[in-house]
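Take a look at the following structure, please.
Read the figures in this text as sums done on the coordinates, not as results from a lab. Remember, predicted model here, so these are calculated numbers, not experimental data. Cβ placement follows ideal geometry from the backbone for every residue including glycine, while neighbour counts extend to all protein chains displayed.
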Amino acid sequence: MPFVIDPPDLRFVEASSFLRALDPDWARAIGEIGACRHESKPHRGLHETLVRAIAYQQLHAKAGDAILSRLKALQKDSAFPSPAMMQRLGEAWRPHRTVAAWYLWRIPPTWG
């Protein structure tokens, strides 16, 4: 039986188009990564979703440190990114933040 890839979820086609139009970096990421294949689990509650997100993280300490140092660099007047700053960062991607996060997790570390 041949290997078949399901077509992308049509809900994410609009989101991918929106993000691609934001800037060349988004266009490159989406072009190289391909269609968003996020599998939404709306039946899960917030607590279960958070616990699963933490349990399934497979970050090496160096990767975590790199992410935090980039965030800290964005907010020079504080030792750690504030919730307000994190919310401002995500506003540019509204209403497609879930798809944006899906792509961000797939950007190769060599992009720097």
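Take the stretch 10-111, compute every pairwise Cα distance, and split them into 5 Å bins from 0; I just need the percent in each bin.
Spelled out bin by bin, the stretch 10-111 gives 2, 10, 17, 20, 24, 18, 7, 1, 0 percent.
Measuring from label point to label point, each 7 Å out along Cα→Cβ, what is the I67 to H38 span in nm?
Distance between the two pseudo-spin positions: 1.5 nm.
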